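The values are calculated or read from the model by the stated rules, or taken from the named source; none is laboratory data. What you are looking at is a predicted structure, and each value in this text was computed from that prediction instead of being measured. Reconstructed Cβ throughout: ideal geometry from the backbone, glycine too, with neighbour counts over all protein chains shown. Heavy atoms of the whole protein, side chains included, go into the accessibility calculation; ligands, DNA and RNA do not. Shrake-Rupley method; radii C 1.70, N 1.55, O 1.52, S 1.80 Å.
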Amino acid sequence: AMPNILRSSPIDIDLLLSRGRLEIPQYQRSYSWRNREITEFLEDLYGAVQHTESWFLGIIYTYNSQDETTHARRLTSLLLDGQQRMTTLFILLKELTLYYEILPDFDVADLVKNYSNATLTSLIFETGTDTPRLKLDEANRDQFAEYLRGGTREEATFNYYQNGEFAKSHELLNKAITVVREWLDKDFDQFRGHRDELENFKRLVRFIISGIELIEIQLDNHASFYNIFENINDRGRRLS
């Protein structure tokens, strides 16, 4: 049976992340973006910020399950399609929280750090915890959570095994972090002294939070999602 679409609605990053946790199903293939896709992602995002137009990041498919925890009902959305975009976005969010480290002016660096703590931390982690709001597939989730918890650029590394069945996706995630970090360094160097770094940072963060548009399609039965997943997963490549 095909899954039923519960609802299809536009959503921004703030709403998507503040309502609970996103989880990549364990059976999904791992992160697979390479330099080209990551660079295109960043170019498109920065281009949209420059032109102050909203940026459509595509359709994501989710399946929502309520977690009855002792504290509260927390929404966990299984992210059935959209893993590459969300993981890359999370890496960018994390690297932006560490952006202050490359700013030579201590006062500006301090303001940037405070602003990122106030705006980005609650998007990356569940409120008041160090539990990431994005849980990757089994091969990568522990290492990725460790990376997200790193307090400095030096600590925020993706420790990965260089052999074994998970080596390839670990290597790609590690590379993705490097690509995003180098992009931020290059962007800063390019405009060093020619722009207000705090204002520029705020503008970028505000855009990410509310200027990125997604369409979320919520399905009511993820068990039968395999049927359509085969067609949308990686441009029609079969899962096997």
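For segment 165-198 and segment 23-37, what is the separation of their C-alpha centers, rounded to whole Å?
18 Å
Multiplying the sequence separation of E171 and E53 by 0.36 nm and subtracting their Cα-Cα distance, what value in nm do you get?
Extra length from E171 to E53 when fully extended: 39.1 nm.
Using a probe of 1.4 angstrom, how much of the accessible area of the chain is carbon and sulfur, in percent?
Accessible surface attributable to carbon and sulfur in the chain totals 48 percent.
If the only charges are +1 at each Lys and Arg Cβ and -1 at each Asp and Glu Cβ, what is the size of the charge dipole of the chain around the Cα centre, to the nearest 20 debye?
500 debye
Can you pull out the GluC sites (Glu not before Pro) in segment 88-135 that DSSP calls coil and that have at most 15 other Cβ atoms within 10 Å?
The qualifying sites are E126.
Apply the a/c threshold of 1.5 to the C-alpha gyration tensor of the chain and tell me whether it is rounded, prolate or oblate.
Judged from the Cα gyration tensor, the chain comes out prolate (a/c at least 1.5, a/b above b/c).
Taking 8 Å as the Cα distance limit and 6 or more residues as the minimum spacing, I'd like the relative contact order of the chain as a percentage.
Rounded, it is 39 percent for the chain.
If you take the Cα atoms of segment 126-195, find Rg, then find the Kirkwood Rh from the mean of 1/r over all pairs, what is Rg/Rh?
My calculation of the ratio gives 1.07.
Going down the table (K94/K186; K113/K135; K135/K186; K94/K202; K113/K202), which pairs top 19 Å between alpha carbons?
Table pairs above 19 Å Cα-Cα are K113/K135; K135/K186.
When only C-alpha pairs under 8 Å and at least 6 residues apart count, what is the relative contact order of segment 57-196, in percent?
After rounding, I find 16 percent.
Given the options T62, T97, T52, state which has the largest fluctuation in a GNM of the chain using a 10 Å cut-off (strictly under) for Cα springs.
Highest fluctuation of the listed residues: T52.
Using the Kirkwood formula over every pair of different C-alpha atoms, what hydrodynamic radius in Å results for segment 98-160?
12.8 Å
Provide the per residue accessible area, probe 1.4 Å, for the chain, rounded to a whole number of square angstrom.
51 Å²
Where in the chain are the DSSP H helices whose alpha-carbon span along the long axis reaches 18 Å or more and whose Kyte-Doolittle mean is at least -1.0?
Qualifying helices: 35-50, 83-97, 106-119, 167-191, 197-210.
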